[in-house]
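I have placed the structure first, in the form of structure tokens, so that the comments after it can refer back to it.
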Amino acid sequence: MNQSKSPASSFVYIPQLDSVRFLAFILIFIHHTNVAGVAAMSGLQKMGWVGVDIFLCLSAFLLTRLLLIEIQTRNQISLFKFYMRRMLRIWPLYFAYLIFIITISFFVFKPEQSLFRFVTLATFTDNIATAIHGYNPHTATGHLWTISYEEQFYLVLPFVVMFASRLKKATSKAILISIIATGLLSRFLFIHAQASHPAIWVLPVTHFESVIAGTLMAYYYNRLKDIPTILLLAIFAVSLCGIIMTPHVSTSNILFFISYTSAGLFSFSVVTLAINSELKWLQKLLFLKPICYLGKISYGLYIFHLLALLVVYHIRPTDNYYINNLLGLAFCIVSAMMSYEIFEKRFLKLKNSKYRLEK
């Protein structure tokens with residue numbers, strides 16, 4: 001869930017979006033913490049799930065934009081290079097983390113109890129398994145369904161962009177409307193069938209607004225600057241109210257239509273404000289080097305955060321959740337920094353030297 005600056009994408013690199021990644025991570029981190037006794041954080045924890053949607057919107061926007069530039073400059077897409085760039089960014093840390101977790105589980109669980117959900121993690125189908133069986137029960141893996149979701153998106157995105165580039169605009173719009181209608185109908189059928197959480201939450205066919213928002217932002221990138229800041233702030237405020245006032249995503253409710261649409265609009269407004277906002281204080285905040293750096297390592301932050309919290313709560317079984325959460329965040333940041341600087345950068349250099357997108 002990370003698109004770091006590199007020669008491969010330097011001519012489309014938008015540094016302030018690194019800070020947005022860190023914002024998305026912080027929301028997810030708070031969502032997964034225990035805030036008992038920290039009343040001021042309970043509201044933020046309830047809506048922290050929207051951090052996932054911000055990540056999805058960012059990925060869709062940046063990757064679609066890269067593919068569109070490749071078509072415009074080369075009149076084709078190198079599928080091999082696209083998939084290699086994704087593999088070298090996502091797979092090394094992901095599989096290293098899985099191997100670590102499997103090693104731990106070997107001493108805790110019986111192999112036959114562990115095998116199936118490790119297979120779904122390894123084959124990037126864990127979101128489907130999660131929809132059927134619930135979150136992955138193995139230590140610090142319940143959040144990894146999002147990697148499966150994104151890998152499935154990466155698999156089809158180049159074909160969608162290539163196909164759309166050969167169509168007339170009217171035809172493309174008709175297909176887009178059909179896709180949205182299919183997604184809405186699928187969600188309605190899941191709700192009507194009283195599908196239990198997290199079935200709707202983890203499947204692309206029922207949780208799609210933020211991905212579509214990011215994709216459309218890439219297609220209409222040159223028009224984003226024409227959207228007035230006051231309008232973006234209004235969309236931000238209205239969609240935030242929609243997220244806060246509708247039921248939590250862990251329930252199955254017809255108001256999900258408002259929740260997910262609000263999340264898509266919220267993600268769109270956050271990303272667009274970061275790109276084009278005329279608010280000087282916001283731009284100064286987003287360009288702060290420490291926050292930008294934390295955004296660059298946000299993939300590692302996301303991978304490690306549940307494990308970091310588990311370790312801290314195991315070492316310090318206390319009711320002082322405020323201190324434990326801060327210690328968990330610090331442990332997570334240190335782990336992600338070490339992973340990025342010592343491990344991930346090796347694969348990023350290979351990605352940038354062998355499979356970069358030439359300007």
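Model label points for Arg166 and His197, set 7 angstrom from Cα along the Cα-to-Cβ axis, are 4.3 nm apart.
Were the residues from Lys284 through Lys173 laid out at 0.36 nm apart, the gain over their Cα-Cα distance would be 36.2 nm. Stretching Tyr13 away from Met338 to a fully extended chain increases their span by 114.6 nm, per 0.36 nm per residue minus the current alpha-carbon distance.
Over the chain, what relative contact order in percent results from Cα pairs under 8 Å that are six or more residues apart? Could you put the intermediate results ahead of the total?
Working: 439 pairs, mean separation 113.2, N = 359.
With pairs under 8 Å counted, the relative contact order is 32 percent.
Working from label points 7 Å from Cα in the Cα-to-Cβ sense, the Gln76 to Val119 distance is 3.8 nm. Remark: Ile254, Ile227 ranked as Ile254, Ile227, counting other beta-carbon atoms within 10 Å and listing the fewest first. A Cα-only calculation for the chain places Rg and Dmax at 20.0, 61 Å. Which shape class applies to the stretch 97-199: rounded if a/c is under 1.5, otherwise prolate when a/b exceeds b/c and oblate if not, where a ≥ b ≥ c are the square roots of the Cα gyration tensor eigenvalues? Verdict is oblate for the stretch 97-199.
Dividing the helix sum by the residues of the chain, where each DSSP H run of 4 or more adds -39500 (n - 2.57), gives a mean residue ellipticity at 222 nm of -23500 deg cm²/dmol. So if a site counts as exposed when it's one of the GluC sites (Glu not before Pro), its DSSP state isn't H, G, I, E or B, and it has at most 16 other Cβ atoms within 10 Å, what's the longest stretch of the chain without one? That gives 1-277 as the longest site-free run.
For a 26 Å ceiling on Cα separation, which of these pairs sit above it: Lys289/Lys351; Lys168/Lys296; Lys296/Lys354; Lys46/Lys173? Cα-Cα > 26 Å for Lys168/Lys296; Lys46/Lys173; rest within. For the chain, build the charge dipole from Cβ charges (+1 Lys, Arg; -1 Asp, Glu) around the Cα centre, then report which of Phe124, Pro137, Met47 sits farthest towards its positive end. Selected residue: Phe124. Which listed residue (Pro247, Phe80, Leu307) has the Cα farthest towards the positive end of the charge dipole for the chain, taking +1 on Lys and Arg C-beta and -1 on Asp and Glu C-beta about the Cα centre? In the chain, that residue is Phe80. Taking every alpha-carbon pair in the stretch 206-346 and binning the separations at 10 Å intervals from zero gives 11, 25, 32, 28, 5, 0 percent. Using Cβ point charges alone (K and R +1, D and E -1), the dipole size of the chain about the Cα centre works out to roughly 1200 debye.
At a 10 Å Cβ-Cβ cut-off, how would you order Val312, Val52, Val156, fewest neighbours first?
In increasing order of surrounding Cβ atoms, one gets Val156, Val312, Val52.
With coordinates expressed along the principal axes, the C-alpha atoms belonging to the stretch 247-303 extend over 42, 32, 13 Å, beginning with the largest. Look at Cys241, Cys292 and count the other Cβ atoms within 10 Å of each Cβ; fewest to most, that gives Cys241, Cys292. Using a Gaussian network for the chain with springs between C-alpha atoms less than 10 Å apart, which of these wobbles most: Lys169, Lys289, Lys46? Residue with maximal mean-square fluctuation among Lys169, Lys289, Lys46: Lys169.
Quick check: residue separation of Thr103 and Lys349 times 0.36 nm, minus the Cα distance between them. What number comes out in nm?
85.7 nm
Bear in mind these aren't lab numbers, they're just calculated from the coordinates by the rules spelled out. Please read all numbers here as calculations on a predicted model, not as lab measurements. So basically every Cβ, Gly included, is an ideal-geometry build from the backbone, and we count neighbours across all protein chains shown.
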